[in-house]
1. Please list B:Arg145, A:Arg100, A:Arg83, B:Arg104 from largest to smallest accessible area, probe radius 1.4 Å, with all protein chains kept in place.
2. Along Cα→Cβ at 7 Å, what distances in nm separate the B:Thr87 label point from those on the other copies, shortest first?
3. List, in order, the whole-Hz ³J(HN,Hα) value for each residue of segment A:22-39 obtained from phi through the Karplus relation with A = 6.51, B = -1.76, C = 1.60 and θ = phi - 60°; use x for Gly and Pro.
4. Write down the radius of gyration of segment B:19-161 and its Dmax, each obtained from C-alpha positions, in Å.
5. So what are the ³J(HN,Hα) numbers for segment B:55-72, from phi and the Karplus equation (6.51, -1.76, 1.60; θ = phi - 60°), rounded to whole Hz, Gly and Pro as x?
6. Determine how large the accessible area of B:Leu74 is when every protein chain is in place; take a 1.4 Å probe and give Å² rounded to the nearest 10.
7. Computing the accessible area with a 1.4 Å probe over protein heavy atoms, can you report the carbon and sulfur percentage for chain A?
8. So what's the gap between the Cα centers of segment A:92-156 and segment A:67-90, to the nearest angstrom?
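The values are calculated or read from the model by the stated rules, or taken from the named source; none is laboratory data. Every value quoted in this text rests on a predicted model; they were computed, and no experiment measured them. All Cβ positions, glycine included, derive from the backbone under ideal geometry; neighbour counts span all protein chains shown. Please note that ligands, DNA and RNA were not included when accessible areas were found on the heavy atoms of the full protein model with its side chains. Shrake-Rupley method; radii C 1.70, N 1.55, O 1.52, S 1.80 Å.
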Protein chains: 2
Amino acid sequence: MSDRSPAQHSDMLLFLTDEQLRQGIEAMFFAYQGFTADPDRILAGMAYGRAHHRAVHFINRAPGTTVNNLLGILGVTKQSLNRVLRTLIEDGLVESKVGRVDKRERHLFLTEAGAELERKLSDAQRARMRAAYRDAGPEAVTGFRAVLEAMMDPNMRRKSSALKESST
Amino acid sequence: MSDRSPAQHSDMLLFLTDEQLRQGIEAMFFAYQGFTADPDRILAGMAYGRAHHRAVHFINRAPGTTVNNLLGILGVTKQSLNRVLRTLIEDGLVESKVGRVDKRERHLFLTEAGAELERKLSDAQRARMRAAYRDAGPEAVTGFRAVLEAMMDPNMRRKSSALKESST
DNA sequence: TTGGAAAGTCAATAAAGCTGACATATAATT
DNA sequence: AATTATATGTCAGCTTTATTGACTTTCCAA
């Protein structure tokens, strides 16, 4: 179909009314509500919230990640994260190990109990994501991902594609 | 089990690894961070937060909407919304008018100052959405919207397509 | 050896939500 | 007319999640 240039869209004009954009904005709002609804329900019972979910998610994703790494990813302050992390460690869901090469660093890992919670939360979220993908179809998924990537802040885009574990 | 049906995707199998789903989940997380970043920055200076933004957005979208309507849309409690609404009314950004047909109801409208704030916030958000749409291309937009719709809770899906103004 | 980075902590504060209880005005029903 | 239900508003108290600022301990690196 492409008869020319490498740039896929640079020669296509998108006419977007404010109304269309508003619909996109609201769709994002309502979809995010749905996106977080299941984990929120699960966490509501326990003494945990969305902040704990995010920490557990990213520690699971990048075992051994340092506190500083996590701070950058979550975009919160040291003190905020520390409170969350402290309860998770106290409750035996997260383990903090002193760095071997740089002993100032703490490397974070999920314990078996932590991994279990992570599984419970992400199972729910994956189920919804899977259902949405199924309903929308394969091509929709590609488009979905493309728009989301474009909507991120550039430095976050990097983090979302590859999460580094230790030093810069 | 009909092997051919009107459903567009029922006969297509989507093989989604947990890894692919996790990427989608994270993309949603980071994209939402970006999505709210600009309004957050604008609101940071003033005495307002995301809650005020949401109220102003939906009052602008559906002028004359009642408090109860707004409660349903935002999914918060009366007390939470009321605190936000009270400051907006005190500051002269929102006007509350006693219902003509049902005098128990209060119908909410933006004042000129309220409309101005709304414009400032949504301009920023629309700009980002427009940029994302442009980067991702027209077909991506369709897919993006389809997945978001599928990800919402069903009752919210209804609200996102048509926001009713007064009584049921 | 000195400077700075990584992590942790304490205190004070704020935004935004929650529950529960209660009041007022008004509509609807009996 | 009396009762019940609804829409709104408000008070008090609590929780979670965030903030800023100040400070300490540990430890790497110049």
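1. Details: B:Arg145 55, A:Arg100 225, A:Arg83 135, B:Arg104 195 Å².
From most exposed to least exposed: A:Arg100, B:Arg104, A:Arg83, B:Arg145.
2. The projected label point of B:Thr87 is separated from its counterparts by 2.4 nm.
3. Working through the residues one at a time gives 4, 4, x, 4, 5, 4, 4, 4, 5, 5, 5, 4, x, 4, 9, 4, 5, x Hz.
4. 17.0, 55
5. 4, 4, 4, 7, 5, 5, 5, 10, x, x, 4, 8, 4, 4, 4, 5, 4, x
6. About 20 Å², rounded to the nearest 10.
7. On the way: 4790 of 9190 Å².
Of the solvent-accessible surface of chain A, carbon and sulfur hold 52 percent.
8. So the two Cα centres are separated by 16 Å.
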